[in-house]
Structures are given as C-alpha cells and as structure tokens.
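Taken together, the values in this text are just the output of simple stated rules run on the coordinates, not laboratory data. Since the model is a prediction, treat every value here as computed from it, not as a measurement. Glycine gets a Cβ as well: all are built from the backbone with ideal geometry, and neighbour counts include every protein chain shown.
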Amino acid sequence: MRMLRWFCGHTRRDRVRNEAIRKRVGVAPIEEKLTQHRLRWFGHIQRRPPEAPGGRGRPKLTWDESVKRDLKNWDISEELALDRSAWRLAINVPEP
C-alpha cells in the first residue's frame, strides 16, 4: 500500500482509504490475490501425475535427529551426559 500511495501522490496523513487507492490504480484486493494464489497452487497439485512424490523437498530435520547426528560426528555416547563434568569436557570447544 505504501508504494500505491506514493504512486498516487497521497500520504497516510491525507486519510484516503486503501480501497479508493486500489480502485484508482486498478489493483485487486489482497484477499482476492491470496485466494488466487491458493487456487493456483491447488490446480498445480491436481494436475501433477499420480506417481509424483507427495512432499516438497527433504523432510524437516528435528532437534533429536540433529543431536544424534552431532553425537555420532563427535563420537560421544548419550550416557556421558549423565556425568556433568565429563560431559563438559567432551563438548568443550576451545576458543581460538
């Protein structure tokens, strides 16, 4: 809306309604544009072949999975976390 107001030469202080500015410039209401975008995506999903994969991209990485990966990379066992002093020594990264 800020760009449309600038385009028309109005400021917020002029107290011109958003609908009037959109109508003057010829821009559709935001709600209709959002609906259009949702329906466009729905059409894309409906038209794709049935054998296409269901999700987009790779699955999200959970916190548990990232912790397990870190433990494996650093060669640390989960049981070591029960001993606080040993755990702090194992996970300590010296400052450069």
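Descriptive notes on the structure:
Condition check ((1) among the acidic types (Asp, Glu); (2) farther than 30 Å from MET3 by Cα) across all residues:
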| site | (1), (2) |
| --- | --- |
| LYS23 | no, no |
| TRP41 | no, no |
| ARG48 | no, yes |
| PRO59 | no, yes |
| ASP64 | yes, yes |
| LEU71 | no, yes |
| ALA81 | no, yes |
| VAL93 | no, yes |
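- Filter pass, ARG40 being under 24 Å from the mean Cα position of the chain (by Cα) and assigned to a loop (DSSP other than H, G, I, E, B): no
- Matching option when the condition is in contact (Cβ under 8 Å) with a residue 12 or more places away in the chain and among the β-branched types (Val, Ile, Thr), among ILE45, ILE21, ILE30: ILE21
- Scan of segment 1-37 for residues that are of a type in the set (S, T, N, Q) and either surrounded by fewer than 10 Cβ atoms within 10 Å (Cβ to Cβ) or not in a helix (DSSP H, G or I) (or both), ordered by number: THR11
- Taking segment 46-65 as the range and being surrounded by fewer than 10 Cβ atoms within 10 Å (Cβ to Cβ) and in a helix (DSSP H, G or I) as the test, the residues that pass are GLN46, ARG47, TRP63, ASP64.
- Test: ILE76 is in a helix (DSSP H, G or I), among the β-branched types (Val, Ile, Thr) and over 24 Å from the mean Cα position of the chain (by Cα): no
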